[in-house]
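The values are calculated or read from the model by the stated rules, or taken from the named source; none is laboratory data. Not measured: the values here are computed from a predicted model. Glycine gets a Cβ as well: all are built from the backbone with ideal geometry, and neighbour counts include every protein chain shown. Surface accessibility is based on the protein's heavy atoms, side chains included, excluding ligands, DNA and RNA. Shrake-Rupley method; radii C 1.70, N 1.55, O 1.52, S 1.80 Å.
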Amino acid sequence: MKLNIKDKFNKELPADPVLENSRRQVSEACFSYVTPKQTASPRLLHASPEMLENLGLLKGDAHSQDFLNVFTGNQVLPDTKPYAMCYGGHQFGNWAGQLGDGRAINLCEVEHQNKNWALQLKGAGETPYSRNADGLAVLRSSIREYLCSEAMFHLGVPTTRALSLALSGDQVLRDVMYDGNSAYEKGAIVCRTAESFLRFGNYQIFAARHDDKNLKVLVDYTIKHHFSHLGTPSKDTYIAFFKEVSNRTLNMIIHWQRVGFVHGVMNTDNMSILGLTIDYGPYGWLEGFDFGWTPNTTDRQHKRYRYGNQPNIGLWNLLQLANAIYPLIEEAEPLEAILNQYKTDFERKSFEMMKAKLGLCQDVDNDKYLIKDLEENLQLVETDMTIFFRKLSDFKDEETSFQVLKDAFYDFENMPNDVKEKWKMWFLQYEVRLQHESEVHVERKKKMNYVNPKYVLRNYMAQLAIDDADKGNYELIDELFQMLKKPYDEQPEYEKWFAKRPEWARHKVGCSMLSCSS
Ligand code: AMP
Ligand code: MG
């Protein structure tokens, strides 16, 4: 196994001088050195062929003992010094102080084909940032992260990636619903990858500690390695940097809205500075279209991170980042202008995204109302988001509309008459509106199918793979992995996965309800 290791983060940024792996506050440092934990009997369950290639590895490398040992933390690569990053964050709207990589350990950075890849193990043991937890991860959450991050990549959503999924062989104690029912689960380790794992919280922690010196060091480092096109650091560069982070964050969230992804825990420590979807925890996919839905039971009361609120939370989080880097700029006005621009851009981009989902290219008055009415209708009775938009590409006219779309409704037979009337009106509006389009139907269908996926990782699908894996059967992980590589293709062999959530999954833990326990 040959990796082109080019460490930067732990070579150029200030390290915690304390080498002892004890839980503590770490100041004036970006990271602490740690060694991953030895595991009882590691076993590789899956490796991503695309990620192997991205790293310059061969398919066969994944079967080597070195690969298994390195990506489960049992062997440290020569000339590398693994570390955990120090960051803080706002959790559910409140400043939480130091958080940090409590169960993530960065192994190294690899350069291949002009790309930088940080390699990080999730669940490889305690770090100085583990607070009151064990630094480990269980199989169910690891399967969810592994499958979803690769699925998101293939959907065209900016995201961290995953290289491998392995069992540690250790048992991990978890109280899944935080109700006093703890049980042992299989421990697992995912090796995840990204250009960088820097989060808003990495900057916030220095700002909170009034450590402007290290704040500048970290921002300058970020610009040098990840935003180098912005030029040498200066006040103007910092503003341009914030502008780009804002744009990237918005772009990512618009994609989430497009595919019906709900992150679940948009705390500022879970916001990537590169605008990547990061930290797959109690995330979920919309089944019924519902702006008020969140999968995260920890957020059940206020639903702060509900589907329809994700764009607002993106803005709120950017405001926290603006506050954090303010000491380097000392002018509020340009930062405020960028935040205001986010709002305008959101309106425009969200409108364009919805138009694309409807297959509308031309500019026509009243499209705003067409979209607003649609979003209202979609929430009248339970309507599957993925099936609705996918099948909409077969829409011809109002008369045949229900034939084409009835599968999207959970209880079409019992749809109340007033709801049916509202849908008929909308279908008629849509039929009339399509007459303004110059494209023929086949062309429109092709374009629509490229923004409306046929296959997403529905919550119950991941749960089925998890239930099987708990019993020692890992085949479904691979089946879903293969299918999710081509989410926009018809793939008739996987047709059974193009279906509404089965009723047994409606209230099942892990399907519609997830906690942060992982
Ligand atoms: P999350 O909500 O998963 O982003 O986690 C918030 C913070 O808790 C992060 O600093 C994590 O590193 C930490 N954390 C979560 N689970 C564990 C665990 N099992 N052991 C140690 N730290 C954890
Ligand atoms: Mg996190």
With the cut-off at 15 Å, report for the stretch 362-436 the share of all Cα pairs above it, as a whole percent.
54
For His63 paired with Leu428, estimate the spin-label separation in nm (one decimal), with each label point 7 Å from Cα along the Cα-to-Cβ line.
6.4
Total Lys pairs in the stretch 201-356 closer than 30 Å by alpha-carbon, pairs eight or more apart in sequence or interchain only?
22
Could you name the aspartates and glutamates in cross-link range of Lys446, using Cα to Cα under 19 Å and dropping any fewer than eight places away on the same chain?
Glu352, Asp394, Asp397, Glu431, Glu437, Asp489, Glu490, Glu495
What relative contact order, as a whole-number percentage, does the stretch 51-156 give when Cα pairs under 8 Å and 6 or more residues apart are counted?
20
For His441, what accessible surface area do you get with a 1.4 Å probe? Give it in Å², rounded to 10.
50
Please report the orientation-averaged projected area of the stretch 397-476, defined via the convex hull of its C-alpha atoms, in nm².
7.9
Place a +1 charge on the Cβ of each Lys and Arg in the stretch 319-404 and a -1 charge on the Cβ of each Asp and Glu, then give the dipole magnitude about the Cα centre in debye, rounded to the nearest 20.
280
Please list the radius of gyration and Dmax for the chain, considering alpha-carbon atoms only, with Å as the unit.
23.4, 72
Rank Phe197, Ala124, Leu58 by how far each Cα sits towards the positive end of the charge dipole of the stretch 9-197 (+1 on Lys, Arg Cβ; -1 on Asp, Glu Cβ) and give me just the farthest.
Ala124
Based on the mean of other Cβ atoms within 10 Å per residue, sort peptides 327-338, 79-90 so the most packed one is first.
79-90, 327-338
Using a probe of 1.4 angstrom, how much of the accessible area of the stretch 9-197 is carbon and sulfur, in percent?
49
In whole percent, the fraction of accessible protein surface over the stretch 201-356 that belongs to carbon or sulfur atoms, probe radius 1.4 Å, stands at 51
With all protein chains present, how much of the accessible area of the stretch 459-505 (probe radius 1.4 Å) comes from carbon and sulfur, to the nearest whole percent?
49
So how do Met353, Met425 rank on accessible area, 1.4 Å probe, biggest first, that is with the largest at the start?
Met425, Met353
Work out, step by step, the length gained on full extension between Gln38 and His507: first 0.36 nm times the residue separation, then minus their alpha carbon distance; give nm to one decimal.
165.1 nm
Under the rule a/c < 1.5 gives rounded, and otherwise a/b versus b/c splits prolate from oblate, where does the stretch 9-197 land using the Cα gyration tensor?
rounded
Give me the accessible area per residue for the stretch 201-356, probe 1.4 Å, as a whole number in Å².
36
Tell me, what is the FRET efficiency for Asp394 and Lys213 to the nearest 0.05, using R0 = 51 angstrom and their Cβ-Cβ distance as r?
0.25
Farthest toward positive dipole pole in the chain [+1 Lys/Arg, -1 Asp/Glu at C-beta], among Ser142, Tyr87, Leu250:
Tyr87
Among Leu476, Leu457, Val172, the residue whose Cα sits farthest towards the positive end of the charge dipole of the chain, when +1 is placed on the Cβ of each Lys and Arg and -1 on the Cβ of each Asp and Glu, is Val172
If each residue of separation counts as 0.36 nm, what is the full-extension length gain between Val442 and Phe351 once their alpha-carbon separation is subtracted?
30.4 nm
Distance from the Cα centre of the stretch 38-55 to that of the stretch 196-232, in angstrom?
31
Over the stretch 383-483, with neighbouring protein chains present, the accessible area per residue in Å² at probe 1.4 Å is 46
